[in-house]
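J.: Please read through the structure below; I'll follow up with questions.
Here, each number is a calculation from the coordinates, and none is a lab measurement. The structure displayed is predicted, hence computed values, not measured ones. Every residue, glycine among them, receives a Cβ derived from its backbone with ideal geometry; neighbour counts consider all protein chains shown.
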Amino acid sequence: MSAAVFLQGPHGPFFARLAKKLSEYGVVTHKINLNGGDRYFAWADFQVNFTGIEDDWPFFFRQYLLENGAKAVFVYGDCRRYHARAREICKSLQIPFAVFEEGYLRPDFVTLEWGGVNAFSQMDWSEEAIKQYKPCGRQRGAPIGQTFWHRARNAILYYLAMRLAQPEFPHYRHHRNRDWLGEGTSWLRSFARKGVYKIAERKLTPRLTTDLSQRFFLFPLQTRDDFQLREHSDLLSIENAIDVVLKSFAENAAGDTVVVIKHHPMDRGFCHYQKLIDVLARRYQIVGRVIYCHDLHLPTLLDHARGVVTINSTVGISALLHKVPTKVLGRALYDIPGITHQGKLANFWSEPEAVDFAYFQRFHTYLYELTQVDGSFSKDIDMTIEGVQRNLESIAALAVPQAPHSEANGTDDG
C-alpha cells in the first residue's frame, strides 16, 4: 500500500481535505505536526507530533519515511527550515517531494511542482524545452473571487492554536516572527486600511491612466518575509530593494518619468513604507516623482506602465502578459532571455528590452499546463483538489486508482 506524508500546509483545511481524498483512494496518509496550528487543521490516517529540537528533525524525518514506507511527501513552500531539510532527505532517498505554493499565475491558481518551486524548480525551463512542448489544450476553471476573509480567518485560527499549544511544542521555531495576537491585530488593521486607501487613492488611477500613461515605471513590492526575497535574491530586505530601485531611478531615468511603488496587499496591515520613501526621495532629489499606492487595480496599472521592476514577484508574469518590459532583480524562473530585460537596471529606465511575446505565450502555456492547478487553498477547495488529483494520477509513486475504496485505511486522529 502506498503511503504519503504531509508536513506543513497552507493555513486552513486544504491539506486535511487532500489527505482525506488520497485516503479514499487507498493511499495511507501520514501527518507530522510541528506546532499546534498544524495540528488544529490536520487530518490523516496517522498523525504524529514532532516535539524535539530542530537539530533532531533530520534524523526523525528520515527514520519516519523509512519505517512507514513513504512514497511521496507533500509540503507548502520549500524554503521553510524544516521543509528545506526534508527536501534534501527526500532527494537522498529518491522519494518524490511535492511542493505546493501560491500560483505563479494570479489569481485563481495554485502551484504544484515536484522537487521544488520558484528558483528551486526542477523543470526544464530552457528555450528548447519550452518551444518543443506540445500543448494539451487545457481549459481554465471558474474564477475563485475574493479570498481575503477566508485567508484572514485561517491565519488567525492557526496562530491562536499555535500559541495555545506552545507548551506541547516547546522547541518549535516558526519561519515568521509572528504571534497570534499580532497576526489578528494586523489582519484587522489590513481590513481598516483597505477602506481608507479606497477613498484616499481614488484620484490616482485617473492620473496614471491619462497624464502619466506610459510615463511611469511600476515597482510592485513583495511581502517583507517572502522567501522569494530571502532565498532567491541578494537583496537584504524590502527596504533595501526600495533604496536600490529609487537610487537607480534617480540616476538614470528621464526627468519626466515617475516610479509607482505598489504595496503588497497581503502586507497591508503588517508594515508601511511611506516614511522611508519620503526620506529616500529627498536624498535622491526625486520628490514628486515617486508615488506610493496600495490597492489600485493591477491590470489597469500594467496597461499604462512603461516598464515593471520586480525582485522576483509573480507580478512579473502578469506584466509580461500585458507586453510590458520587465526587469527582475532577483532570481526567477521566468527571467529568461527574450522574455525579460537581461541588461543592468541602470539601462532599463532608458532602453528596456521588449518582450518577445510569441515566445512568452509558449512559456506561459508551458508554465500553466505543467505547474498550475485551477483553484485556491482557502476557497472552493474541492475544485482545487480535483485538479491536484488529476496531477497525481500521472505520478506512478502514488498509484492512485480511478475508483475509491469503500472505506479509508487507518485511524482518524485529526
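J.: Measuring from label point to label point, each 7 Å out along Cα→Cβ, what is the residue 124 to residue 67 span in nm?
T.: Spacing of the two 7 Å Cα→Cβ label points: 4.0 nm.
J.: Right, here's the next one. Tell me what the chain gives for mean residue ellipticity at 222 nm when only DSSP H runs of n ≥ 4 count, each as -39,500 (n - 2.57), the sum divided by the residue total, rounded to 500 deg cm²/dmol.
T.: That comes out to -12000 deg cm²/dmol.
J.: For residue 209, put the label point 7 Å out on the Cα→Cβ axis and report which residues of segment 296-329 keep their amide N under 13 Å from it.
T.: Correct set: 296-305.
J.: When we measure straight from the Cα of residue 131, which lysines land under 22 angstrom away, once same-chain ones fewer than 8 places off are left out?
T.: Output for residue 131: 323.
J.: So, one more: Could you tally the net charge around residue 198, taking each other residue with its Cβ under 14 Å from the Cβ of residue 198, Lys/Arg +1 and Asp/Glu -1?
T.: +3
J.: If I compute Cα extents along the principal axes in Å from the structure I just sent, which labelled value in (1) 63, 51, 44; (2) 61, 61, 39; (3) 67, 51, 38 lines up?
T.: (3)
J.: Can you tell me the orientation of helix 238-252 relative to the chain, as the angle in degrees between its alpha-carbon axis and the longest Cα principal axis, to the nearest 10?
T.: Taking the Cα atoms of the chain, the angle to 238-252 is about 30 degrees.
J.: A further question follows. List the residues, sorted by chain then number, that are 5 or more residues from residue 292 or on another chain and whose placed amide H is less than 5 Å from its amide H.
T.: Hits under the 5 Å cutoff: 261.
J.: Lys and Arg at +1, Asp and Glu at -1: add these up for the other residues within a Cβ distance under 12 Å of residue 141 and post the number.
T.: Charge balance in the 12 Å sphere: -2.
J.: Among 125-138, 326-339, 152-165, what's the highest-first ranking by average C-beta atoms within 10 angstrom per residue?
T.: Ranking, from highest mean packing down: 326-339, 152-165, 125-138.
J.: What's the ranking of 202-210, 354-362 by average number of surrounding C-beta atoms within 10 Å, highest first?
T.: Descending packing order for the listed peptides: 354-362, 202-210.
J.: Still on this structure, I have one more. Shape verdict for segment 191-253, please, from the Cα gyration tensor: rounded (a/c under 1.5), prolate (a/b greater than b/c) or oblate.
T.: Taking the square roots of the gyration eigenvalues as a ≥ b ≥ c, segment 191-253 is oblate.
J.: What relative contact order, as a whole-number percentage, does the chain give when Cα pairs under 8 Å and 6 or more residues apart are counted?
T.: It comes to 23 percent, rounded to a whole number.
J.: Let me ask you something else. So if I take the centroid of the Cα atoms in segment 52-111 and the same for segment 318-361, what is the distance between those two points in Å?
T.: One Cα centre to the other: 32 Å.
J.: Once phi is turned into ³J(HN,Hα) by the Karplus curve 6.51 cos²θ - 1.76 cosθ + 1.60 with θ = phi - 60°, what whole-Hz value does each residue of segment 357-362 show in order, with x for glycine and proline?
T.: Computed from phi, the couplings for segment 357-362 are 5, 4, 5, 4, 4, 5 Hz.
J.: Additional query: On a 24 Å Cα-Cα criterion, which of the cross-link pairs 203/262; 71/91; 203/379 come out too long?
T.: From 203/262; 71/91; 203/379, over 24 Å: 203/379.
J.: Further, regarding this structure: Using alpha-carbon positions, what is the distance between the centroids of segment 183-251 and segment 253-289, in Å?
T.: The distance from the Cα centre of segment 183-251 to that of segment 253-289 comes to 8 Å.
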